[in-house]
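Undergrad: If you scroll down you'll find the structure; I have some questions about it.
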Amino acid sequence: MYNSKFWDDLYEDRSEAAPWLGDDWANFNIEHISKYIGDPKGKNLLDYGCGNASIGDYFYQKGANLSLADISAYQVEKLKKKYGTTVLIDRVDFPSDIKQKNFYDYILCMGVFHHINPDLWGQFFSGLYDLLKKDGVLIVSGWDINDPVLIKENYKGCITYKDCWAINDIASVIEGAFEKKASFVDYVDMKAFNMKRLCRFFVFNKMENREPVVVEE
């Protein structure tokens, strides 16, 4: 898992190293997410691992009560200058750092969890579970097992490229606490990478009759 300094340096150094900050990635996610959110007005929405918040901002402009969370202090300070006190903004290492428990109608984690080590997946998803309302929805995305980059890097079941994991594997862990509502896959044209990436989305409903993911000692 990359630490906060890694992301601070990445965001501060050069935007070319972070192609997800561009419109291509944001618009791609917004198109798909919108199908499952509908009218966001008045809904509590958390964009977790928000980066420059271009995805969350779209729903904010549509009337959502937006919260933003990211590991990068550099990026969080930029967002605080932009939004002031109109948006809840936290610099976090884990979802459990966020205080608004049982609060969110929607949590978005777009292109985030493939950077997290498998031994932390349970801790992350248990934390997200606690943040959602009883009928809350979690939407995640990441690189599919059949993504061209993963194939090129000789994908062998779990590890993809350096410190990166396929969303297909992660989804099986999420299902320990959530009910899968939808799963779909599509290509995103990443012009900054000069290639198309195969991205998979999962939509989950919180299930109160299930136990949250337990972190193994």
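The values are calculated or read from the model by the stated rules, or taken from the named source; none is laboratory data. This is a predicted model, so every value here is computed, not measured. Positions of Cβ are backbone-derived with ideal geometry, glycine not excepted, and every protein chain shown enters the neighbour counts. Surface areas here come from the heavy atoms of the whole protein model, side chains and all, with no ligands, DNA or RNA. Shrake-Rupley method; radii C 1.70, N 1.55, O 1.52, S 1.80 Å.
Undergrad: Show the residue pairs that are 6+ apart or on different chains and have beta-carbon atoms under 7 Å apart, the first residue being within segment 71-85 and under 23 Å from PHE113 (Cβ atoms), the second being hydroxyl-bearing (Ser, Thr, Tyr).
TA: Qualifying pairs under 7 Å: ILE71/SER4; SER72/SER4; SER72/TYR11; ALA73/SER4; TYR74/TYR11; GLN75/TYR11.
Undergrad: If you don't mind, another one. For segment 22-53: of the residues being open to solvent by 40 Å² or more (accessible area, probe 1.4 Å) and under 23 Å from ASP97 (Cβ atoms), which is modelled with the lowest pLDDT?
TA: ASN52
Undergrad: Kindly evaluate ASN168 against the criterion of being at pLDDT below 85 and either β-branched (Val, Ile, Thr) or in contact with a strand residue (DSSP E or B) (Cβ under 7 Å, 6 or more places away or on another chain) (or both).
TA: For ASN168, the condition - at pLDDT below 85 and either β-branched (Val, Ile, Thr) or in contact with a strand residue (DSSP E or B) (Cβ under 7 Å, 6 or more places away or on another chain) (or both) - is met.
Undergrad: Just to verify a result, which residue in segment 86-106, among those that are touching a Ser or Thr at 6+ places or on another chain (Cβ under 9 Å) and touching a residue at least 60 places away in the same chain (Cβ under 8 Å), is surrounded by the most Cβ atoms within 10 Å (Cβ to Cβ)?
TA: Across segment 86-106, the extreme among qualifying residues is TYR104.
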